Amino acid sequence: MALFFLPIFSLFSQQNVGIIPAPQTIVPHPGVFYWYRPVLFFDGAVPNRDILLSQYRAMFGDADSVVNNLEEWTDNPAIVFQLHRPRPDIDNPDQAYTIQVKENVITIGAATAEGFFDGLQSLKQLYRYNCREWFDDQSVEIPCMDIYDYPNLQKRGWMVDISRGPIITMEY
């Protein structure tokens, strides 16, 4: 009986990439992105570039450099913010985003500022999940994958069950 459940549990562990809420689709690929002083590139049509850059700096510190076109891209790994139209058949396409992790580049694609913001938050969680003890010669390794995500509900919230414990305050 245990041999029957073993393959099922291995499927669940492969889908856990440390992003909450769990993305709609995760497709793993062979390879690893080594996060070491990545270069940032913003497609010209990306909305709220300054907000995304400040969010990036709040988590990861200053970027090695921000390039204006991909011809300036060096051998360093890159994080690319690129305008991307979501599939029209999904719920809430304005909040959809994609993250493609390849061996030398991570691409965050979205159609709106909210989609880019949510994609960057997911990238932060992906980074934290794969973060290990820093050594002089080791960087964070993120497995290659494609992530496609969008919320099922337009408005999201948090339910507090006050029958099972103390009532929390607004400050909490």
Roll a 1.4 Å probe over the protein chains and send me the accessible area per residue for the stretch 65-126 in Å². 46
Run the 1.4 Å probe and let me know the accessible area of residue 42, rounded to the nearest 10 Å². 10
Starting from the Cα gyration tensor of the stretch 76-135, take the square roots of the eigenvalues, sort them a ≥ b ≥ c, and report rounded, prolate or oblate (rounded when a/c is under 1.5, otherwise prolate if a/b is larger than b/c, else oblate). prolate
Could you order 170, 59, 159, 145 so the one with the most accessible surface comes first? Probe is 1.4 Å. 170, 159, 59, 145
Looking at the stretch 103-132, which chymotrypsin sites (Phe, Trp or Tyr not before Pro) are in a loop (DSSP not H, G, I, E or B) and have at most 13 other Cβ atoms within 10 Å? none
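The values are calculated or read from the model by the stated rules, or taken from the named source; none is laboratory data. Bear in mind that the values here come from a model prediction, so they are computed numbers and not experimental data. Glycine also receives a Cβ, built like all others from the backbone with ideal geometry; neighbour counts cover every protein chain displayed. Accessible surface areas use protein heavy atoms only, side chains included; no ligands, DNA or RNA. Shrake-Rupley method; radii C 1.70, N 1.55, O 1.52, S 1.80 Å.
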